[in-house]
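Everything on this sheet refers to the single structure shown next.
The values are calculated or read from the model by the stated rules, or taken from the named source; none is laboratory data. These numbers were taken from a predicted model, which means no experiment stands behind them. Don't worry about glycine lacking a Cβ; one is built from the backbone with ideal geometry, like all the others, and counts go over all protein chains shown.
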Amino acid sequence: MSSTNTDALSRDEVYDILSNGRRRFVIYLLREEGEPIPLSELSDRVAAWENDLPVDELTDQQIKRVYVSLYQTHIPKLEESGIVEYDKDSGLVSLTSNVSSLDAYLPEEDRREIPWQAIYLGLAVVGLVVYGVATMAAGTIPQATLNVVGLLVFAAFGAVVAAQYLYERSRG
């Protein structure tokens, strides 16, 4: 294994790393597996992705073209950037902790988002039903109780707004 630069990557370095689909897919595969993957398996899976074919339907030429490209260009570039480690003896490629420096530049499709719109809609429906029931029972319950129900619905909205604000603020 080579010595890698584990310092924070500059924006230009990150863009250069992520500018190639093969490198992005290698990073994706390594993250998905969560453990080292042999370079030969990475080559198979990248070739399958590029050719939109199952691995067992790939030609030797399709796999070899990707293998050579990964071995000579992409894995060394990722290793030099400190994103992966490549053990030439075992043929294993693994992510380093430096991969987290790419997170701010990657799409957030895999990140779980809180469905704020659904929370607000649900709260509005529940609040409307509760307040409607309380209003219909106005003859049997005191006005102060109706006021408390209204304040509770309003407070619930305020709590959700505060939670969303703090959540968004914590994400940067």
Could you give me the residue pairs with C-beta distances under 7 Å whose first residue belongs to segment 147-159 and is at pLDDT below 90, whose second residue is not hydrophobic (A, V, I, L, M, F, W, C) wherever it lies, and which are 6+ apart or on separate chains?
-> 149/131; 150/131; 153/127; 153/131
Of the numbered conditions (1) in contact with a strand residue (DSSP E or B) (Cβ under 6 Å, 6 or more places away or on another chain); (2) loosely packed, with under 14 Cβ neighbours inside 10 Å, residue 30 satisfies every one except a single condition; which is it?
-> (2)
Which residues, counting only those in segment 63-76, are surrounded by 15 or more Cβ atoms within 10 Å (Cβ to Cβ) and either in contact (Cβ under 8 Å) with a residue 24 or more places away in the chain or among the polar types (S, T, N, Q) (or both)?
-> 66, 67, 69, 70, 71, 74, 75
Identify, please: which residue in segment 75-111 is at pLDDT 90 or above and small (Gly, Ala, Ser) and is, among those, farthest from the chain's Cα centre (by Cα)?
-> 90
Tally the residues that are surrounded by 14 or more Cβ atoms within 10 Å (Cβ to Cβ), of a type outside the set (A, V, I, L, M, F, W, C) and either under 16 Å from residue 94 (Cα atoms) or free of Cβ contacts under 8 Å to residues at least 12 places away in the same chain (or both), restricting the search to segment 17-27.
-> 3
Would you be able to say whether some residue in segment 9-21 is more than 21 Å from the chain's Cα centre (by Cα) and of a type in the set (S, T, N, Q)?
-> no
